[in-house]
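The values are calculated or read from the model by the stated rules, or taken from the named source; none is laboratory data. Everything quoted here is computed from the prediction, not taken from an experiment. Using ideal geometry, Cβ is built from the backbone for each residue, glycine included, and neighbour counts are taken over all protein chains shown. Accessible surface areas use protein heavy atoms only, side chains included; no ligands, DNA or RNA. Shrake-Rupley method; radii C 1.70, N 1.55, O 1.52, S 1.80 Å.
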Amino acid sequence: MPYASSPIFTQKTAFRRAIMKWYAEQARDLSWRGTLDPYSVWVSEIVLQQTRVDQGTPYIERFIKKFPTVQSLAKAQEDSVLKLWEGLGYYSRARNLHKAAKHVAFERNGEFPSSAVEWETLPGVGRYTAGAISSIAYGEAAPVVDGNVKRVLARLLDCHDNIDTPATTNAIWDWMTLLVKGKHPGNFNQSMMELGSNICTPKKLKCDLCPVQRFCLAFVNNTQNELPVRTPKKKIPHHQIVVAAIKKNGRYLLGKRPPEGMLGGLWEFPGGKVEAKESNEDALHREINEELGLTIEIIENIGKVDHAYSHFKITLHIYICKQLSGTPSPKAHSELKWVSPKHFEQYAFPKANHKFLSKLS
Ligand code: SF4
């Protein structure tokens, strides 16, 4: 194996001891982290898949308070699950968690999978999440690999291979499989991720405070700032979106997005992307006709809001509109509803919609 003579492998026990001692001394006090209950570990791992710990912690706490058991989550309406997830993004996580909870509660009689391989069969649970749950909740020697682990290992091994390629990613899984074998695999996995998020960070890394500096080949060779090698990021596209707040008798027309796909199951104001060389107004008339089969009159532009997703950015231009002809029919949504602003809080909206809700009365 390449890198077999690296200190983290030749002195594996000492390396594990050093990083886990540091982890035990400084681990942040997170209420859900002390638990070995598979359900709580599962929920927290799903929330933290794409979310920072400080942002995700209140969501985890609220979620477990409202749905304390897999049975309570399985029995919930999808709308109430999505409402609790509102603002976190990547809503397929919530839908898959809900689907998987139903599977565990109703088809497995509430019995959780007992190994990482079995966890991976549940919707929304990939190899990383399965390894995290099994190592933390059951003490199984299952590895985890995320962006933090990749960066830390590339530096510890002074590995100059591109960590974004499948071949290097597979090699990193193999290295973690070797390293995780030992006592307290869950703590070992968490210590590697914590080192990456607090010490061995992408920039301004704190080698002076690093508990495993003596095992680190990048530190010896002074290459830590060149690592990891990554594929350059593509420029993020920026889309202009027009949104119609169609008002009738004090209520606005909302559409529920189809269950699959981005923001699936959330409620929104109809509208869509402005095409090249199209005016905002023309785009709005076209979109509303395509999505709802309606002709509208645009009354007023009430402003714009910017929002960033992971792979693109949007500017929403919001227009108050009036229905002229046609009957709204859900061509792009699973359901339509006329809703008074005082009831908006009962619906789960994408974060970008929240930025202008207060302007609608
Ligand atoms: Fe990362 Fe520096 Fe520690 Fe090496 S010594 S693992 S580069 S923080």
Residues within the range 276-305 that are more than 29 Å from the chain's Cα centre (by Cα) and open to solvent by 50 Å² or more (accessible area, probe 1.4 Å), tallied: 13
Hits in the range 162-202 - residues which are out of contact with any Lys or Arg (no Cβ under 7 Å at 6 or more places or on another chain), among the charged types (D, E, K, R) and either surrounded by fewer than 17 Cβ atoms within 10 Å (Cβ to Cβ) or not assigned by TED's automatic domain parsing to the domain that holds R52 (or both): D174, K181, K183
Residue satisfying all of: in the range 212-224; near the ligand (Cβ under 8 Å from one of its atoms) and assigned to a loop (DSSP other than H, G, I, E, B); least open to solvent (accessible area, probe 1.4 Å) among these: V212
Boolean, N280 is under 30 Å from Y3 (Cβ atoms) and either at pLDDT 95 or above or within 16 Å of the ligand (Cβ to nearest atom) (or both): no
Condition met for L217 (of a type outside the set (S, T, N, Q), at pLDDT 95 or above and assigned by TED's automatic domain parsing to the domain that holds R95): yes
Qualifying positions in the range 156-188 - within 16 Å of the ligand (Cβ to nearest atom) and either assigned to a helix (DSSP H, G or I) or without any contact (Cβ under 8 Å) to a residue 40 or more places away in the chain (or both): L156, I172, W175, M176, L179, F188
Selection from the range 101-130 of residues that are within 17 Å of the chain's Cα centre (by Cα) and assigned to a helix (DSSP H, G or I): R127, Y128, T129, A130
Selected residue (only one of L209, L205 is within 16 Å of the ligand (Cβ to nearest atom) and open to solvent by 60 Å² or more (accessible area, probe 1.4 Å)): L209
Residue tally, condition surrounded by 15 or more Cβ atoms within 10 Å (Cβ to Cβ) and closer than 30 Å to L97 by Cα, over the range 259-275: 10
Residue in the range 87-95 that is assigned to a helix (DSSP H, G or I) and either over 25 Å from E61 (Cβ atoms) or within 16 Å of the ligand (Cβ to nearest atom) (or both) present: no
Residue match in the range 237-256 (condition: free of Cβ contacts under 8 Å to residues at least 24 places away in the same chain and more than 16 Å from the ligand (Cβ to nearest atom)): no
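This table checks each residue for (1) open to solvent by less than 60 Å² (accessible area, probe 1.4 Å); (2) modelled with pLDDT under 95.
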residue	(1), (2)
R17	no, no
K21	no, no
A27	yes, yes
R33	yes, yes
W42	yes, no
V53	yes, yes
F67	yes, no
Count - residues of the range 306-320 that are open to solvent by 70 Å² or more (accessible area, probe 1.4 Å) and either in contact with a strand residue (DSSP E or B) (Cβ under 6 Å, 6 or more places away or on another chain) or in a strand (DSSP E or B) (or both): 2
Residue that is closer than 24 Å to S40 by Cα, part of a helix (DSSP H, G or I), within 16 Å of the ligand (Cβ to nearest atom) and over 20 Å from the mean Cα position of the chain (by Cα), where the choices are L195, L153: L195
Only one of T231, T177, T201, T168 that is farther than 30 Å from T315 by Cα and in contact with an Asp or Glu (Cβ under 8 Å, 6 or more places away or on another chain): T168
